[in-house]
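Okay, so here's the structure we're looking at.
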Amino acid sequence: MTSTATIKAFPLPPAFTAADLYSIDETSDGSADAKSNEHVSRMGRTTRAASQSSVQHPAYPGPQNASSRFQDRSLENFHTTLKRPKKLAGTSGNPSSGGGGVGSSGGNSNYTPPTSPTAIAHEGIAGPRRRAASTGNRMNLKTLETSSWVRESVYLSSPIRTAFRPDRQPGEVFSLLPGEVLDLVLQALRGLHLDKNSDSCATCMMRDLCSAALCSKRWYKHARAALYGDIQLVGSDSAAHKKKFKQNQGNRMAMLRRTLRSNPDIAALVRSLKVPHPEPPLNWSASKGMQWLEQYEDRVATLIMACPKLERLSGPTPNYDHSFKKIFHALSTRRALKDMTWIVEPAPTPQGQRTDSPSKQRVQSGPSMLEPYQGDAFLGSHRNWSSLTKLSILCQPGATLAPHRLLSRTLTFLPKLQHLHLCNLPPNAFNDNNLLSLPPLKSLILSRIVGITSNGLTAFATRSNTSHLQHLELRNTPLTSLPALARIFSYLPALKSFSLAQSFPPVMPETDSFALWMMPYLASSTIVKLHWDITSHPATTNTADDILARSIEAGGFPSLTTLRTPNDPEGRFQALCRPVEQICLPNDRFFRQHGIGGIPTSGSFSAPSSPISPIHKSATTMSLPSTIYSPASPGTDLQKARLAAQARLEAAHDTPRFTFNITDDDGLVNQTIGVVGFVGTLGSKISYHLLPDDGATDEQGGLVDVIDLVGDGGEALSGGREGCTGRWNQKEGEVADKKEKEKWWHTERGRWRRIEAA
């Protein structure tokens with residue numbers, strides 16, 4: 001069947017001309033009446049200023065003559081001057097009948113226009129033509145008469161033409177650039193050095209900023225702010241500094257402290273400070289104690305005190321054991337601090353008090369409570385942090401912040417808190433009551449928090465202060481109820497990122513099984529990124545995975561664009577995503593040398609222990625006991641997940657999606673060819689994402705934890721990692737200067753990057 005389309009042609013309307021901008025009185029007789037003169041007098045006030053300004057630019061006689069007024073009218077000369085047609089479409093050629101005449105007589109061809117533009121501008125137009133009272137016509141006439149000279153006048157008086165005059169001095173044009181442009185240039189320079197794929201490092205970046213500050217006075221102010229606004233001291237000191245100052249570490253910090261103390265203006269610019277990782281002396285042994293570490297912490301404390309407006313301290317974080325340390329006292333005095341990370345250790349046991357064995361401590365309700373003075377000291381550290389926006393707390397095994405009212409009281413001193421990250425807090429430090437008393441947050445990460453229940457999470461989601469929560473992450477937290485998860489999705493209107501990682505799946509109560517017939521059961525219209533990792537079923541799809549996959553297929557997550565499900569044994573989630581050609585990375589097939597599931601190296605000043613997490617009794621209970629502890633179960637290894645997904649993708653190549661039958665002239669099938677075998681859904685906007693977050697590892701499931709925040713961040717040169725020596729832009733070959741070989745060299749240092757949890 002052939003479809004036929006009919007196209008109908010219509011005549012084009014008459015061409016638009018400049019004369020159509022105003023109407024013509026067709027009853028005019030060619031004489032200038034009083035009403036026309038009155039109208040022209042009103043119009044003269046508008047055109048007089050334009051005609052006076054146009055005297056300065058006699059090079060454009062056309063628009064100037066177009067705005068002139070005539071006494072002896074000539075129809076041809078008038079149309080020639082305005083470069084418009086002699087008559088309007090659909091009118092007669094008689095000027096008296098509205099055919100385009102303007103003057104008192106349409107046939108006078110002996111008229112000679114004035115030669116002076118000023119005289120023409122002041123004469124005015126008198127004649128039978130009358131403009132209608134329409135506001136649109138009046139505005140169009142002004143635009144016709146003044147648009148050309150206005151554009152020329154604006155150009156001649158613009159600062160751009162004034163700035164780029166030929167007689168400008170070489171540095172005069174640069175001095176006219178606004179400071180915002182210079183800041184953007186310096187910001188781009190930082191990005192070139194600190195980009196993820198850059199071969200440079202922070203030392204090279206600070207060297208270039210210092211060179212920019214020495215170029216001119218214009219550059220000095222902005223380059224100095226960029227240099228001292230975010231200070232990054234990465235890696236060990238150079239051998240020359242160690243020899244000059246006769247100490248193994250802290251030389252750059254000592255020079256920086258001297259600069260900040262002698263220049264208060266520069267000290268007020270410091271917002272972020274990255275301190276290098278501490279290095280033990282060459283002749284140090286464990287028997288000699290940790291005196292060198294205390295000295296290093298004191299140097300960092302003195303450097304913090306030299307920065308009155310410090311907002312963030314990056315790098316290795318000292319452990320807090322509820323005893324007085326100068327570094328924590330220095331941080332407590334910084335009123336502009338916005339980011340703080342606590343690594344809480346067990347409180348020291350008073351002399352003469354007997355300690356229980358670890359086996360006996362397991363059967364208790366958790367670690368013992370703090371002394372009143374210890375709780376007051378921790379609470380007092382937060383009194384000056386009214387600008388704090390991000391708080392991270394990690395409790396080592398045996399450590400606590402009990403009683404639970406301590407953390408709630410602490411958060412009352414943080415009115416601007418937006419991001420909260422809690423890890424491994426015991427039940428006597430954080431429970432459902434603390435969860436319900438949290439302030440309005442934008443992101444909340446709960447990792448190995450055993451004191452909360454599914455009912456507490458449901459009640460938390462229904463509170464009004466959770467309406468702005470955008471990121472929620474639950475790792476090894478006892479979420480046992482699937483209806484509780486459905487309520488979390490439905491009651492959080494701004495949730496964009498959700499992560500669930502635990503060793504058992506949440507289940508449906510038997511009384512609510514009928515609800516599974518109504519799909520989608522799990523639904524959220526705002527979630528963009530979803531991380532789902534249930535590690536208890538490595539070979540088959542569990543019930544919770546099946547319900548989530550069916551909910552996504554039924555359109556329960558219309559805004560979902562990124563899906564990360566490391567444990568997907570049957571490829572249910574991979575089949576819902578956009579088809580791809582390759583999933584695994586080039587080096588995924590190589591054997592990993594180090595063990596899988598180990599805790600990454602910590603950057604804290606003391607070696608951290610393995611965190612604790614609960615063992616659940618049954619996945620069918622609504623709350624799990626928090627009195628039993630066991631080693632934490634790591635998430636699914638992303639490297640293994642990528643290899644499994646790639647294997648499913650390669651196996652699908654043998655199962656064609658489309659079949660072509662090749663027939664001969666008689667209609668017999670000679671050959672059948674199957675093509676296009678893939679895994680996924682065509683047209684889906686969901687990407688199957690199996691890469692870790694920035695700063696996370698494949699072994700831990702790709703999520704950032706507190707232990708990653710205090711890590712080295714790429715600073716350490718261990719495990720065959722190569723650093724930067726400053727020669728990434730050195731020339732090669734015979735054209736290179738001999739001095740250039742050592743000009744850009746510096747001590748080899750790692751490429752450190754700041755890690756963000758959310």
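Can you give me the number of residues within the range 168-216 that are of a type in the set (A, V, I, L, M) and not in a helix (DSSP H, G or I)?
Number of matching residues: 3.
When residues of the range 544-564 are filtered for being in a loop (DSSP other than H, G, I, E, B) and either in contact with a helix residue (DSSP H, G or I) (Cβ under 8 Å, 6 or more places away or on another chain) or among the aromatic types (Phe, Trp, Tyr) (or both), how many remain?
Count: 2.
Specify which of the listed residues (Asp230, Asp237, Asp208) is under 24 Å from Arg252 (Cα atoms), surrounded by 14 or more Cβ atoms within 10 Å (Cβ to Cβ) and over 29 Å from the mean Cα position of the chain (by Cα). Before the answer, list the steps.
Details: Asp230 fails: over 29 Å from the mean Cα position of the chain (by Cα); Asp208 fails: over 29 Å from the mean Cα position of the chain (by Cα).
Just one listed residue meets the conditions, Asp237.
Residue-wise test of (1) within 19 Å of Ser368 (Cα to Cα); (2) among the hydrophobic types (A, V, I, L, M, F, W, C); (3) surrounded by 17 or more Cβ atoms within 10 Å (Cβ to Cβ).
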position: Ala399; (1), (2), (3): yes, yes, yes
position: Pro426; (1), (2), (3): yes, no, yes
position: Leu438; (1), (2), (3): no, yes, yes
position: Leu444; (1), (2), (3): no, yes, yes
position: Gly451; (1), (2), (3): yes, no, yes
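Can you tell me which residue within the range 517-547, out of those that are among the aliphatic types (A, V, I, L, M) and either touching a Gly at 6+ places or on another chain (Cβ under 9 Å) or over 18 Å from Leu479 (Cβ atoms) (or both), is modelled with the lowest pLDDT? Step through it out loud before you land on a result.
Narrowing the range 517-547 to residues among the aliphatic types (A, V, I, L, M): 518-519, 522-523, 527-528, 530, 534, 539, 544, 547.
Remaining after also requiring either touching a Gly at 6+ places or on another chain (Cβ under 9 Å) or over 18 Å from Leu479 (Cβ atoms) (or both): 518-519, 522-523, 528, 539.
Numbers: Met518: 76, Met519: 83, Leu522: 92, Ala523: 94, Val528: 97, Ala539: 85.
Only one residue tops the list, namely Met518.
For the range 460-475, give me each residue that is among the basic types (Lys, Arg) and in a strand (DSSP E or B). Steps first, please.
First pass over the range 460-475, keeping only residues among the basic types (Lys, Arg): 463, 475.
Across the range 460-475, the qualifying residue is only Arg475.
Pick out the one residue from Ala202, Ala267, Ala213 that is at pLDDT 95 or above, touching a helix residue (DSSP H, G or I) at 6+ places or on another chain (Cβ under 7 Å) and not hydroxyl-bearing (Ser, Thr, Tyr).
Ala267
In the range 452-473, which residues are out of contact with any helix residue (DSSP H, G or I) (no Cβ under 8 Å at 6 or more places or on another chain) and under 15 Å from Trp532 (Cα atoms)?
His471, Glu473
I'm checking my understanding of the structure. Among residues of the range 530-542 that are without any contact (Cβ under 8 Å) to a residue 40 or more places away in the chain and not in a loop (DSSP other than H, G, I, E, B), which one is farthest from His468 (Cα to Cα)?
Checking each candidate, the answer is Ile534.
Go through the range 476-507 and give me each residue that's closer than 23 Å to Pro566 by Cβ, modelled with pLDDT under 95 and in a loop (DSSP other than H, G, I, E, B).
Asn476, Thr477, Pro478, Leu479, Thr480, Ser503, Phe504, Pro505, Pro506
Inspect the range 328-349 for any residue being surrounded by fewer than 17 Cβ atoms within 10 Å (Cβ to Cβ), out of contact with any strand residue (DSSP E or B) (no Cβ under 6 Å at 6 or more places or on another chain), free of Cβ contacts under 8 Å to residues at least 12 places away in the same chain and not basic (Lys, Arg) and give the result as yes or no.
For the range 328-349, residues surrounded by fewer than 17 Cβ atoms within 10 Å (Cβ to Cβ), out of contact with any strand residue (DSSP E or B) (no Cβ under 6 Å at 6 or more places or on another chain), free of Cβ contacts under 8 Å to residues at least 12 places away in the same chain and not basic (Lys, Arg): present.
Counting only residues that are at pLDDT 95 or above and closer than 12 Å to Pro439 by Cβ, how many does the range 373-408 have?
Qualifying residue count, the range 373-408: 3.
Select from the range 468-502 the residues that are buried (at least 19 other Cβ atoms within 10 Å of the Cβ), small (Gly, Ala, Ser) and in contact with a strand residue (DSSP E or B) (Cβ under 7 Å, 6 or more places away or on another chain) and list them in ascending order.
Ser499, Ala501
Give me a count of the residues in the range 276-290 that are over 17 Å from Arg252 (Cβ atoms), at pLDDT 80 or above and surrounded by 15 or more Cβ atoms within 10 Å (Cβ to Cβ).
1
One residue is enough: does the range 717-739 have a residue meeting the conditions modelled with pLDDT of 85 or more, touching a helix residue (DSSP H, G or I) at 6+ places or on another chain (Cβ under 9 Å) and among the β-branched types (Val, Ile, Thr)?
Within the range 717-739, not a single residue is modelled with pLDDT of 85 or more, touching a helix residue (DSSP H, G or I) at 6+ places or on another chain (Cβ under 9 Å) and among the β-branched types (Val, Ile, Thr).
The values are calculated or read from the model by the stated rules, or taken from the named source; none is laboratory data. Note that this is a predicted model, so its numbers are computed, not measured. As a convention, Cβ positions derive from the backbone with ideal geometry for all residues, glycine included, and neighbour counts pool all protein chains shown.
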